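The values are calculated or read from the model by the stated rules, or taken from the named source; none is laboratory data. In this text, all values refer to a predicted model and were calculated from it rather than measured experimentally. So basically every Cβ, Gly included, is an ideal-geometry build from the backbone, and we count neighbours across all protein chains shown. Ligands, DNA and RNA are excluded from the accessible area calculation, which covers all protein heavy atoms including side chains. Shrake-Rupley method; radii C 1.70, N 1.55, O 1.52, S 1.80 Å.
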Amino acid sequence: MTFSTLVLLLVFFSAGVHADDSQFTPEYQFPQAKPFTLNDAQGNEWSLAEHAGKPVVIHFWATWCPYCKKLQPGLERLRLANLDSDLEMIAISFNEDKGAEPAEVLKSRGMGMNTLIEGDSVADLYGVTGTPTTVFINRAGQLVWLTRISDPDSPKLDQAIEFLLSE
């Protein structure tokens, strides 16, 4: 087969593939985030349903987790950078040792995000098996990204926030 024939076939099949893709490929539908209600350390109730229409970031963590401690300053930086938006960022503590005080631990680390406690049932609901796990929910209530990144400077975290806020 000559080079020109190969190029011609490549152009022909490429054009056909693009036409087919535009007609038959549906947009990806993200799964709906599962509703839940938890309390913070002061007993105040927080419900995902009450934050419908807002982008939400959920940071699943535990006080004993060194990777969570590493990630948290990056999440706090993103939270503070977006205070003027409708972004909600919460931490859900789960798989804790007896007597753990997650809200106090985050406060001592300089974290200002709301901390929900005893989140084992919500971690199970979202299929979270390890820490840290961070979940990104868009304004339509769809789970658009779940990550176990522990690098506080990962550009993927910034990109995920930008995506949430751009919708």
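A few remarks follow.
- Of all residues in segment 33-68, those that are farther than 21 Å from Trp145 by Cα and surrounded by 13 or more Cβ atoms within 10 Å (Cβ to Cβ) total 8.
- Applying a threshold of 9 Å to beta carbon distances and a minimum spacing of six or more residues, or different chains, the list of pairs starting in segment 44-56 at a residue that is under 20 Å from Asp158 (Cα atoms) and among the charged types (D, E, K, R) and ending at one that is modelled with pLDDT of 95 or more and open to solvent by less than 20 Å² (accessible area, probe 1.4 Å) reads Lys54/Ile137.
- Residue that is closer than 21 Å to Thr133 by Cβ, surrounded by fewer than 17 Cβ atoms within 10 Å (Cβ to Cβ) and at pLDDT below 95, where the choices are Phe30, Phe13, Phe3: Phe30
- Residue check, Asp21 acidic (Asp, Glu), in contact with a Phe, Trp or Tyr (Cβ under 8 Å, 6 or more places away or on another chain) and either at pLDDT 90 or above or over 25 Å from Asn138 (Cα atoms) (or both): no
- Number of residues in segment 79-105 that are surrounded by 15 or more Cβ atoms within 10 Å (Cβ to Cβ) and within 14 Å of Lys69 (Cα to Cα) equals 6.
Quick grid of which residues meet (1) open to solvent by less than 40 Å² (accessible area, probe 1.4 Å); (2) polar (S, T, N, Q):
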site: Lys107; (1), (2): no, no
site: Gly112; (1), (2): no, no
site: Asp120; (1), (2): no, no
site: Thr129; (1), (2): no, yes
site: Gly141; (1), (2): yes, no
site: Thr147; (1), (2): yes, yes
site: Pro155; (1), (2): no, no
site: Ala160; (1), (2): yes, no
site: Leu165; (1), (2): no, no
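- Single match in Arg109, Arg148, Arg139 (criterion: within 18 Å of Gln72 (Cα to Cα) and touching a residue at least 24 places away in the same chain (Cβ under 8 Å)): Arg109
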